[in-house]
Amino acid sequence: MPPSASSEFRDGLIELSPAMVAAAPIALLYGAIATSKGLSPLETTLSSALIFAGGAQLAAIELWTQPVPVAALILSTFLINARYILMSASLAPKIAHLPLAGRLFGLHVLADENWALAERRAASRRITGAYFFGMGAVFWINWVIWSWAGTVLGPLLGDPRRFGADFAFTAIFIGLVSGFVTSRTAGIVVVVSAATATAAFLALGSPWHVLAGALAGIAAAALAWRDDAGTVERPA
């Protein structure tokens, strides 16, 4: 018997719940900073609903001044969000059976955490609409609500970074990525990508390390795959 839609939705919600908890202080931080930069609660909430890119939103709001540095904002958000091109491409064949409108919505609400969970699900079973869309929609709603809450509570609570809240997403993503390291090739890709991103951050700063790490990981995966293929095809 195929799993029911309700059970698939419940699975997605359970698996995503730690990321939702971690997202709350980050969204609060964004809402508080956005308010301090002059955005209204409505503008802040709409930005989270329409953009839905935590890292890019925080980078953009840190750069926000009067007059608005449009070129710097476009460049920084493009570099940070360029990873979604690769993430969407990796998921595309695994969700090709889902309706087009649903795929577009699902990719709009794609984030590092629900992407990693969807990839892990695809490794063992077929991704269903209830799992993919439901998980993305809940994560999106969670981010929007807490962003709005940050406009109200942020000035009262102070900077959540003093509690280490800004590391919550990173810690969860490290745990998710470690689950993908099931082979030598995967381990090489993760190590090369992490080392390159770290070096680029120290040398160039943010957001160049995001693009550098992604490109290095792609190159490492391609080289490792070619080496493995050559080993298999090489005669004894």
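The values are calculated or read from the model by the stated rules, or taken from the named source; none is laboratory data. Just so it is clear, the model here is predicted, and its values are computed rather than measured. As a convention, Cβ positions derive from the backbone with ideal geometry for all residues, glycine included, and neighbour counts pool all protein chains shown.
Give the residues of the stretch 37-76 that are outside any helix (DSSP H, G or I), surrounded by 14 or more Cβ atoms within 10 Å (Cβ to Cβ) and aliphatic (A, V, I, L, M), sorted by residue number.
Answer for the stretch 37-76, where residues must be outside any helix (DSSP H, G or I), surrounded by 14 or more Cβ atoms within 10 Å (Cβ to Cβ) and aliphatic (A, V, I, L, M): Leu39, Ala53.
Please verify whether the stretch 207-214 includes one or more residues that are modelled with pLDDT of 80 or more and within 19 Å of the chain's Cα centre (by Cα).
Yes, some residue in the stretch 207-214 is modelled with pLDDT of 80 or more and within 19 Å of the chain's Cα centre (by Cα).
Failed condition for Val189, given (1) closer than 20 Å to Ile85 by Cβ; (2) surrounded by fewer than 17 Cβ atoms within 10 Å (Cβ to Cβ); (3) modelled with pLDDT of 70 or more, with all others met?
In the conditions (1) closer than 20 Å to Ile85 by Cβ; (2) surrounded by fewer than 17 Cβ atoms within 10 Å (Cβ to Cβ); (3) modelled with pLDDT of 70 or more, Val189 misses (2) alone.
If you scan the stretch 150-172, which residues turn out to be modelled with pLDDT under 65 and surrounded by 15 or more Cβ atoms within 10 Å (Cβ to Cβ)?
Within the stretch 150-172, Pro160, Ala165, Asp166, Ala168, Phe169, Ile172 qualify.
Can you tell me which of (1) in contact with a helix residue (DSSP H, G or I) (Cβ under 8 Å, 6 or more places away or on another chain); (2) surrounded by fewer than 19 Cβ atoms within 10 Å (Cβ to Cβ); (3) over 27 Å from Arg126 (Cα atoms) is the one Leu13 doesn't meet?
Unmet for Leu13, out of (1) in contact with a helix residue (DSSP H, G or I) (Cβ under 8 Å, 6 or more places away or on another chain); (2) surrounded by fewer than 19 Cβ atoms within 10 Å (Cβ to Cβ); (3) over 27 Å from Arg126 (Cα atoms): (3).
Taking only pairs six or more apart or across chains, which ones have beta-carbon atoms under 7 Å, a first residue in the stretch 102-117 that is over 15 Å from Gly12 (Cβ atoms), and a second residue that is of a type in the set (A, V, I, L, M) and not in a helix (DSSP H, G or I)?
Note: pairs meeting the criteria are Arg103/Ile95.
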